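All remarks here apply to the structure that follows.
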Amino acid sequence: MTRTERTLCVLASGVALAIVCARESGASERIATSTDAACREPSSAVRVEGTGLRATLTAGCEQSTTFLGIVRRIAGTDGIVYGKVGKCGFGVRSCLPHTVAFIVDRRMLRILVANDNADVEAISSLAHELTHAWEVLRNPRIRTHSQMLLLYEQIGYHRGLVVETSEAIAAGRQVRAELLSRHMTTLALR
Ligand SMILES: [Zn+2]
(Lines give C-alpha, C1' and ligand atoms only; values in the text may rest on other atoms or scores of the structure.)
Protein backbone atom coordinates (compact mmCIF):
# COMPACT_ATOMS: atom_id res chain seq x y z
CA MET A 1 0.00 0.00 0.00
CA THR A 2 1.33 3.34 -0.98
CA ARG A 3 0.92 6.17 1.44
CA THR A 4 0.74 9.74 0.24
CA GLU A 5 0.99 12.77 2.44
CA ARG A 6 0.76 16.36 1.45
CA THR A 7 1.42 19.24 3.76
CA LEU A 8 1.22 22.37 1.85
CA CYS A 9 1.78 26.05 1.92
CA VAL A 10 3.00 27.35 5.20
CA LEU A 11 2.02 30.86 6.12
CA ALA A 12 4.34 32.51 8.62
CA SER A 13 2.57 35.53 10.01
CA GLY A 14 4.78 38.56 10.40
CA VAL A 15 7.66 36.94 8.61
CA ALA A 16 8.57 37.58 5.03
CA LEU A 17 8.15 33.95 4.30
CA ALA A 18 4.98 32.38 3.16
CA ILE A 19 5.32 29.33 1.07
CA VAL A 20 3.27 26.88 -0.86
CA CYS A 21 4.60 23.47 -0.13
CA ALA A 22 4.19 19.83 -0.89
CA ARG A 23 5.06 16.83 1.17
CA GLU A 24 4.55 13.50 -0.39
CA SER A 25 5.72 10.00 0.18
CA GLY A 26 4.87 7.11 -2.05
CA ALA A 27 6.04 5.26 -5.10
CA SER A 28 9.69 5.75 -5.85
CA GLU A 29 10.21 3.93 -9.09
CA ARG A 30 12.94 5.68 -10.97
CA ILE A 31 11.86 6.74 -14.42
CA ALA A 32 14.26 6.47 -17.30
CA THR A 33 14.78 9.64 -19.28
CA SER A 34 16.09 10.32 -22.72
CA THR A 35 18.22 13.22 -23.84
CA ASP A 36 15.44 14.64 -26.00
CA ALA A 37 13.91 16.95 -23.44
CA ALA A 38 10.82 18.90 -24.35
CA CYS A 39 11.85 21.53 -21.85
CA ARG A 40 15.38 22.68 -22.34
CA GLU A 41 17.55 24.97 -20.34
CA PRO A 42 18.71 27.63 -20.12
CA SER A 43 16.30 29.06 -22.67
CA SER A 44 13.30 27.64 -20.85
CA ALA A 45 11.25 29.67 -18.43
CA VAL A 46 11.68 26.81 -15.98
CA ARG A 47 15.27 26.41 -14.90
CA VAL A 48 16.64 23.98 -12.36
CA GLU A 49 19.91 23.54 -10.54
CA GLY A 50 21.78 20.26 -10.56
CA THR A 51 21.77 17.19 -12.75
CA GLY A 52 19.26 15.35 -10.59
CA LEU A 53 16.67 18.08 -10.75
CA ARG A 54 17.37 18.59 -14.43
CA ALA A 55 16.62 14.91 -14.99
CA THR A 56 13.44 15.33 -12.96
CA LEU A 57 12.31 18.23 -15.13
CA THR A 58 13.19 16.39 -18.32
CA ALA A 59 11.37 13.25 -17.27
CA GLY A 60 8.29 15.24 -16.32
CA CYS A 61 8.20 17.04 -19.64
CA GLU A 62 8.70 13.88 -21.62
CA GLN A 63 6.46 11.51 -19.74
CA SER A 64 3.53 13.57 -18.55
CA THR A 65 1.38 15.71 -20.80
CA THR A 66 0.03 17.48 -17.74
CA PHE A 67 3.54 18.33 -16.56
CA LEU A 68 4.51 19.57 -20.01
CA GLY A 69 1.36 21.67 -20.16
CA ILE A 70 2.25 23.39 -16.90
CA VAL A 71 5.75 24.22 -18.15
CA ARG A 72 4.39 25.51 -21.43
CA ARG A 73 1.89 27.75 -19.68
CA ILE A 74 4.66 29.19 -17.52
CA ALA A 75 6.70 29.80 -20.66
CA GLY A 76 3.82 31.88 -21.98
CA THR A 77 4.16 34.36 -19.13
CA ASP A 78 6.77 36.96 -18.30
CA GLY A 79 8.08 34.74 -15.54
CA ILE A 80 11.11 32.59 -14.85
CA VAL A 81 10.99 29.80 -12.29
CA TYR A 82 14.19 28.57 -10.67
CA GLY A 83 14.13 25.21 -8.98
CA LYS A 84 16.73 23.83 -6.63
CA VAL A 85 17.11 21.33 -3.82
CA GLY A 86 16.71 23.01 -0.47
CA LYS A 87 14.97 23.07 2.87
CA CYS A 88 11.63 24.83 3.24
CA GLY A 89 11.25 24.57 7.00
CA PHE A 90 7.89 24.31 8.73
CA GLY A 91 8.02 20.55 8.30
CA VAL A 92 7.40 20.66 4.58
CA ARG A 93 9.68 19.31 1.92
CA SER A 94 8.84 21.29 -1.20
CA CYS A 95 7.69 24.84 -1.48
CA LEU A 96 7.27 28.03 -3.44
CA PRO A 97 8.55 30.89 -1.26
CA HIS A 98 6.35 33.94 -1.57
CA THR A 99 9.00 36.24 -2.89
CA VAL A 100 9.14 37.84 -6.30
CA ALA A 101 12.46 38.94 -7.74
CA PHE A 102 13.04 40.60 -11.08
CA ILE A 103 15.47 39.93 -13.88
CA VAL A 104 15.17 43.10 -15.89
CA ASP A 105 11.39 43.19 -16.37
CA ARG A 106 10.74 39.48 -15.88
CA ARG A 107 9.33 38.14 -12.64
CA MET A 108 11.39 35.40 -11.05
CA LEU A 109 10.04 32.83 -8.60
CA ARG A 110 11.93 30.13 -6.72
CA ILE A 111 10.95 26.56 -5.97
CA LEU A 112 12.65 24.43 -3.33
CA VAL A 113 12.36 20.66 -3.45
CA ALA A 114 13.72 17.89 -1.25
CA ASN A 115 13.94 15.12 -3.78
CA ASP A 116 15.75 15.29 -7.11
CA ASN A 117 15.71 11.56 -7.82
CA ALA A 118 13.75 11.92 -11.07
CA ASP A 119 11.20 9.42 -9.78
CA VAL A 120 7.43 9.58 -9.54
CA GLU A 121 7.64 11.28 -6.18
CA ALA A 122 10.03 14.00 -7.34
CA ILE A 123 8.28 14.68 -10.63
CA SER A 124 4.78 14.94 -9.16
CA SER A 125 6.07 17.16 -6.37
CA LEU A 126 7.78 19.43 -8.88
CA ALA A 127 4.57 19.56 -10.91
CA HIS A 128 2.70 20.60 -7.77
CA GLU A 129 5.09 23.49 -7.09
CA LEU A 130 5.22 24.55 -10.73
CA THR A 131 1.45 24.79 -10.61
CA HIS A 132 1.78 27.19 -7.70
CA ALA A 133 4.23 29.22 -9.78
CA TRP A 134 1.69 29.24 -12.60
CA GLU A 135 -0.99 30.43 -10.21
CA VAL A 136 1.14 33.50 -9.58
CA LEU A 137 2.59 34.11 -13.02
CA ARG A 138 -0.69 33.88 -14.89
CA ASN A 139 -1.68 37.09 -13.14
CA PRO A 140 0.67 39.88 -14.30
CA ARG A 141 -0.44 42.10 -11.42
CA ILE A 142 1.13 39.82 -8.81
CA ARG A 143 4.54 41.43 -8.40
CA THR A 144 5.23 41.65 -4.67
CA HIS A 145 5.32 39.50 -1.56
CA SER A 146 2.17 41.17 -0.26
CA GLN A 147 0.33 40.56 -3.48
CA MET A 148 1.32 36.89 -3.36
CA LEU A 149 -0.01 36.64 0.18
CA LEU A 150 -3.28 38.23 -0.87
CA LEU A 151 -3.52 35.92 -3.87
CA TYR A 152 -3.26 32.83 -1.71
CA GLU A 153 -5.76 34.21 0.74
CA GLN A 154 -8.11 34.39 -2.23
CA ILE A 155 -7.40 31.10 -3.98
CA GLY A 156 -6.05 28.92 -1.17
CA TYR A 157 -7.40 27.37 1.96
CA HIS A 158 -5.80 27.00 5.35
CA ARG A 159 -5.09 23.94 7.38
CA GLY A 160 -3.65 25.44 10.53
CA LEU A 161 -0.50 27.20 9.42
CA VAL A 162 -0.73 25.42 6.14
CA VAL A 163 -2.34 26.79 3.00
CA GLU A 164 -3.01 24.86 -0.16
CA THR A 165 -4.80 25.15 -3.48
CA SER A 166 -6.94 22.51 -5.06
CA GLU A 167 -5.40 23.25 -8.45
CA ALA A 168 -1.88 22.33 -7.34
CA ILE A 169 -3.07 19.20 -5.58
CA ALA A 170 -4.98 18.10 -8.66
CA ALA A 171 -2.00 18.76 -10.93
CA GLY A 172 0.36 16.75 -8.76
CA ARG A 173 -2.09 13.86 -8.58
CA GLN A 174 -2.70 13.92 -12.33
CA VAL A 175 1.01 13.89 -13.12
CA ARG A 176 1.51 11.08 -10.65
CA ALA A 177 -1.28 9.05 -12.27
CA GLU A 178 0.16 9.61 -15.75
CA LEU A 179 3.61 8.52 -14.64
CA LEU A 180 2.37 5.43 -12.88
CA SER A 181 0.16 4.52 -15.82
CA ARG A 182 3.07 4.89 -18.18
CA HIS A 183 5.28 2.87 -15.88
CA MET A 184 2.75 0.06 -15.63
CA THR A 185 2.29 0.05 -19.41
CA THR A 186 6.04 -0.22 -19.87
CA LEU A 187 6.18 -3.15 -17.48
CA ALA A 188 3.27 -4.83 -19.26
CA LEU A 189 5.05 -4.61 -22.61
CA ARG A 190 8.18 -6.31 -21.35
ZN1 LIG B 1 0.87 23.26 -2.56
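The values are calculated or read from the model by the stated rules, or taken from the named source; none is laboratory data. Keep in mind it's a predicted model, so treat the numbers as computed, not measured. Note that we place each Cβ from the backbone using ideal geometry, even for glycine, and neighbour counts take in every protein chain shown.
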### Task
State the number of residues belonging to the stretch 84-117 that are outside any strand (DSSP E or B) and free of Cβ contacts under 8 Å to residues at least 60 places away in the same chain.
7
### Task
Could you check, for the stretch 64-76, whether at least one of its residues is farther than 19 Å from Ala170 by Cα, modelled with pLDDT under 95 and touching a Lys or Arg at 6+ places or on another chain (Cβ under 8 Å)?
no
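Yes/no per residue for (1) in contact (Cβ under 8 Å) with a residue 60 or more places away in the chain; (2) in a helix (DSSP H, G or I); (3) within 12 Å of the ligand (Cβ to nearest atom); (4) of a type in the set (Gly, Ala, Ser):
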| site | (1), (2), (3), (4) |
| --- | --- |
| Gln147 | no, yes, no, no |
| Leu150 | no, yes, no, no |
| Gln154 | no, yes, no, no |
| Val163 | yes, no, yes, no |
| Glu167 | no, yes, yes, no |
| Ala170 | no, yes, yes, yes |
| Arg173 | no, yes, yes, no |
| Arg176 | yes, yes, no, no |
| His183 | yes, yes, no, no |
### Query
Just for the stretch 120-145: of the residues that are surrounded by fewer than 20 Cβ atoms within 10 Å (Cβ to Cβ) and touching a residue at least 60 places away in the same chain (Cβ under 8 Å), which one is farthest from Ile80 (Cα to Cα)?
His145
### Query
How do the pairs read when you match residues in the stretch 55-83 that are farther than 22 Å from Arg182 by Cβ and assigned to a helix (DSSP H, G or I) with residues anywhere that are small (Gly, Ala, Ser) and at pLDDT 95 or above, using Cβ under 9 Å and keeping only pairs 6 or more apart or on different chains?
Ile74/Ala133
